[in-house]
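Structure first, then comments.
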Amino acid sequence: MIWSLLVIFLGPAVLFGALMALFPTPDEPAPWRVRLARSLERVADRLRRQQPGPPDPFVALRLQTRLGVVADHARALEGEPRTFALAERVIATQLAYDQLLAEACRLAGVEVLQRAQGDPQERFREEVELAARGWSW
């Protein structure tokens with residue numbers, strides 16, 4: 001008896017709510033229009049070819065300065081054999097140098113290969129590529 005009363009009273013409300021969900025209100029657009037607009041925007045993004053502007057020379061200069069400071073710090077650490085936690089400091093400095101090199105390569109248009117962190121061959125390749133493009137630090 002209780003179930004039949006629930007169905008009689010709640011059934012039409014659920015049905016009416018489902019039907020009203022199909023019709024958009026004046027405040028919001030129809031769902032099919034929203035989906036269509038999103039898909040057209042994705043297609044337009046693929047078709048747009050935005051040419052990157054020329055790189056800011058001050059960004060490159062700041063990056064070269066930071067590379068020089070980190071390289072000097074690495075050389076200073078290698079010259080001090082009695083530094084506390086020397087290995088950790090050298091590793092941290094080399095990883096910071098590698099990250100700055102990767103950032104400089106992206107700025108200069110050099111391809112950054114996915115290698116293990118701290119790979120000396122990749123570091124040397126990036127340094128040579130940057131030097132060939134006129135970078136110095």
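When you scan the stretch 45-65, do you find a residue that is over 27 Å from the mean Cα position of the chain (by Cα), over 30 Å from V90 (Cβ atoms) and not aliphatic (A, V, I, L, M), even just one?
Within the stretch 45-65, not a single residue is over 27 Å from the mean Cα position of the chain (by Cα), over 30 Å from V90 (Cβ atoms) and not aliphatic (A, V, I, L, M).
Identify all residues within the stretch 30-64 that are surrounded by 11 or more Cβ atoms within 10 Å (Cβ to Cβ) and either closer than 27 Å to L107 by Cβ or modelled with pLDDT under 90 (or both); write none if there are none.
A30, P31, R33, V34, P55, V59, A60, R62, L63, Q64
Can you tell me which of (1) exposed (fewer than 12 other Cβ atoms within 10 Å of the Cβ); (2) among the aromatic types (F, W, Y); (3) touching a residue at least 24 places away in the same chain (Cβ under 8 Å) is the one F84 doesn't meet?
F84 satisfies all of (1) exposed (fewer than 12 other Cβ atoms within 10 Å of the Cβ); (2) among the aromatic types (F, W, Y); (3) touching a residue at least 24 places away in the same chain (Cβ under 8 Å) except (3).
If you check R106, R125, which single one turns out to be of a type outside the set (A, V, I, L, M), at pLDDT below 95 and either surrounded by fewer than 15 Cβ atoms within 10 Å (Cβ to Cβ) or touching a helix residue (DSSP H, G or I) at 6+ places or on another chain (Cβ under 7 Å) (or both)?
Working: R125 fails: either surrounded by fewer than 15 Cβ atoms within 10 Å (Cβ to Cβ) or touching a helix residue (DSSP H, G or I) at 6+ places or on another chain (Cβ under 7 Å) (or both).
Unique residue meeting the criteria: R106.
Being of a type in the set (K, R) and under 22 Å from A116 (Cα atoms) is the filter here; which residues of the stretch 78-105 pass it? Spell out the reasoning first.
Of all residues in the stretch 78-105, those of a type in the set (K, R) come to 82, 89.
Correct list: R89 only.
The values are calculated or read from the model by the stated rules, or taken from the named source; none is laboratory data. None of the values given here were measured: they were computed from a predicted structure. Ideal geometry is used to build each Cβ from the backbone, glycine not excepted, and the neighbour counts take in all protein chains shown.
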